[in-house]
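First comes the structure, then the notes that go with it.
We did not get these values from a lab; they are worked out from the coordinates using the rules stated. Predicted model only: the values in this text are computed from it and were never measured. FYI the Cβ positions are ideal-geometry reconstructions off the backbone, even for glycines, and counts take in every protein chain you see.
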Amino acid sequence: MSDSEDENPDKQLKIVIMGDGASGKTSLAVRYSQENFGKQYKQTVGLDFFLRRIVLPGNIHVALQLWDIGGQTLGGGMLDKYIFGAHGVLLVYDITNYQSFDNLEDWYEKIREVCKDQPKLPHIALVANKSDLEHMRTVKQEKHQRFATENGFTSHFVSAKTGDSVNLCFQKISAEILGIKLTKPEVEQQTRVVKADIVQYSNAESVPRATPHQNTRSSLCSLQ
Ligand SMILES: Nc1nc2c(ncn2[C@@H]2O[C@H](COP(=O)(O)OP(=O)(O)OP(=O)(O)O)[C@@H](O)[C@H]2O)c(=O)[nH]1
């Protein structure tokens, strides 16, 4: 453990990712924790866990535990236990699949039911995934905004495929939960999209080395 970690132990946040099957929950968790994307659809049975550590402004070290819940768990007996104690919940839908948006009412209802005896609901974020498929959109942005505003959700538009706004989404949610205010440059830094051309290197020696990702470590385990 480094000195800075000794001085600043991680704040642990339990973040639950919910929504219909194939809306892209696992892809978001994999993109965020492993900076990776797989085209192949593999249904999550039960639950997967992912972990990512980040540092928020003010040198606040945060360990984000991502609970990726299979879309088939709605109506199952385990869902209550998965939601219980969550600091934040992502309600994820696929912008090209209207049903996945419509069904979020049921997922939200479940959260309210599980948390009815708690003083307040977890932070809830409405996450529109697959923004790279804008040309196939079936959920109007106004519908998204209305659902978010009426229920006090934060609102996010992301693509697990391209990575667009994924870091920003999780950073904003963590900051919101911990009551940390992000400045405009901090938000812009996360938003920046880096475009690069493919470069042909003449020999292996001139290939630049990848810089290790600082302050982040991630891992995965699965529970079925
Ligand atoms: N184009 C595009 N495809 C995506 C995106 N995110 C996920 N997908 C694809 O959508 C399919 C479903 O993604 P998953 O991440 O497995 O969906 P899930 O919500 O975890 O599904 P369940 O495990 O059934 O709950 C896969 O084929 C992904 O490659 C995205 O942002 N853009």
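Key figures
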read-out	value
The range 18-78: chymotrypsin sites (Phe, Trp or Tyr not before Pro) in DSSP loop, at most 13 other beta carbons within 10 Å	Y41
Extension gain, L121 back to F37 (0.36 nm per residue minus Cα-Cα distance, nm)	27.1 nm
Simple spin-label estimate for S155 and E176 in nanometres, 7 Å along Cα-Cβ	1.1 nm
Equivalent ellipsoid semi-axes, the range 132-196, via Cα gyration tensor eigenvalues times 5, rooted, Å	21, 20, 9
Anchor K42: lysines whose Cα lies under 25 Å away (excluding residues fewer than 8 positions away in-chain)	K14, K25, K81, K110, K130, K161
Radius, Kirkwood style, for the range 34-188 when every pair of distinct Cα atoms is counted (Å)	16.7 Å
Label-point gap, in nm, between R112 and L56 - each point 7 angstrom along Cα→Cβ	2.7 nm
Kirkwood-based Rg to Rh ratio, the range 39-107, C-alpha trace	1.02
Estimated distance in nm for a label pair at E188 and Q12, the labels positioned 7 Å out from Cα along Cα-to-Cβ	3.8 nm
Contour excess over end-to-end distance, with Cα ends at M136 and D102 and 0.36 nm allotted per residue	10.6 nm
Vicinal HN-Hα couplings computed from phi for the range 89-95 (Karplus, 6.51 cos²θ - 1.76 cosθ + 1.60; Hz; Gly/Pro x)	10, 9, 9, 9, 9, 9, 5
Potential lengthening between Q145 and M78 on full extension [0.36 nm per residue; Cα-Cα distance subtracted]	21.1 nm
